[in-house]
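What follows is a single structure, written as structure tokens, with notes after it.
Any read-out appearing in this document is the output of simple, stated calculations on the displayed coordinates, not a laboratory observation. All values reported here derive from a predicted model rather than from experimental measurement. Please note: Cβ atoms are built from the backbone with ideal geometry, for glycine as well, and neighbour counts cover all protein chains shown.
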Amino acid sequence: MDGNGRWAQARGYPRVFGHIRGATRVRPIVREADSLGIKALTLYAFSTENWLRSESELSILWKLLKKYFQKELNELKQKNIRLNIIGELERLPLAIQETVNPMLNELAGNTGLQFNLAISYGSRREISQAASYFAKDCLTGIHQPLDMNEELFQKYLTTNKLKELSDVDLVIRTSGEKRVSNFLLWQSAYAEYVFTDTYWPDYTPKHFREALFEYSQRERRYGKVKVYNNELNTL
Ligand code: FPP
């Protein structure tokens, strides 16, 4: 959800106005994903690097998150949406943890859209933690170093419990930046990317549908070559 600061600055407002407006863009996208029958939607709200922002910006972000959680519980419940937080929830202010933890429990059994919010999330941290958990299991004899393979490594990722996250199909980045910024690096190995110049505070369900349409036109080969029907006939 990038471009909040620039959206505000372009209008002569303080950066945090972009976050305030950006927070209102979340609900329509969640509704759209739900009504289109998408299995999982992950929004990147706050990275491990975002902790370096000013205290005043952080404090607005925490207020917006808390308010968002308080406001959305009923709708998520009604729509059978499950909410998951990926990232270091335990690092967030206690007030947020106290708001969101009971909510996570309440929605845990929901079987509709899996709505993941990445907060204080960083993919390199997730991957390096996985390596250290595996090393620990080697020390205690649960595994041997040569047991390691891709399937096993994935089991040590903190997001592994969210099955729908194991292979990301599409990553959309707003605001004209063409970077991945430490987002689900392992899980996006074969993801398609759509970049849009639109700043997150201006992002609408129409933009979202356009990105999905672009995705639907892509041919996913997973490193293999396309086999044409006439080639098949000559084999
Ligand atoms: C990146 O834009 C955005 C963030 C670091 C925060 C995103 C937060 C929200 C949209 C609001 C709270 C979230 C929810 C789920 C209610 P930026 O500030 O880096 O923008 P810039 O690159 O233009 O400076």
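Which longest uninterrupted range of the chain lacks any GluC sites (Glu not before Pro) assigned by DSSP to a loop state (not H, G, I, E or B) and surrounded by at most 15 other Cβ atoms within 10 Å? Looking at the chain, 1-176 is the longest stretch - no exposed GluC sites (Glu not before Pro) with at most 15 other Cβ atoms within 10 Å.
Give me the orientation-averaged projected area of the Cα convex hull of the stretch 13-80, in nm², one decimal.
Working: hull surface 21.2 nm².
Quarter of the Cα hull surface area: 5.3 nm².
Binning the alpha carbon pair distances of the stretch 73-127 at 10 angstrom intervals from zero yields the distribution 24, 49, 26, 2, expressed in whole percent. Considering every alpha-carbon pair of the chain, the percent of pairs per 5 Å bin, from zero through the bin containing the longest distance, is 1, 6, 12, 16, 18, 17, 13, 8, 5, 3, 2, 1, 0, 0. Dipole orientation for the chain: of the candidates Q9, L92, L117, Q9 has the Cα lying most toward the positive pole (charges on Cβ; Lys, Arg +1; Asp, Glu -1).
Is the shape of the stretch 135-221 best called rounded, prolate or oblate, per the rule: a/c under 1.5 gives rounded, else a/b larger than b/c gives prolate, else oblate, with a ≥ b ≥ c the square roots of the Cα gyration tensor eigenvalues? Judged from the Cα gyration tensor, the stretch 135-221 comes out prolate (a/c at least 1.5, a/b above b/c). At q = 0.10, 0.20, 0.26 Å⁻¹, what log₁₀ I(q)/I(0) does a Debye calculation on the Cα points of the stretch 95-174 give, no solvent, two decimals? Result of the Debye calculation: -0.35, -1.06, -1.28. When only alpha carbons are used to place a centre, the stretch 1-36 and the stretch 86-110 end up 22 Å from one another.
Take the Cβ-Cβ distance between D197 and E49 as r, set R0 to 22 Å, and report the resulting FRET efficiency rounded to the nearest 0.05.
Working: r = 23 Å, r/R0 = 1.03.
Working from the Cβ atoms, E equals 0.45.
Multiplying the residue separation of Q70 and E150 by 0.36 nm and subtracting their alpha-carbon distance yields 24.9 nm.
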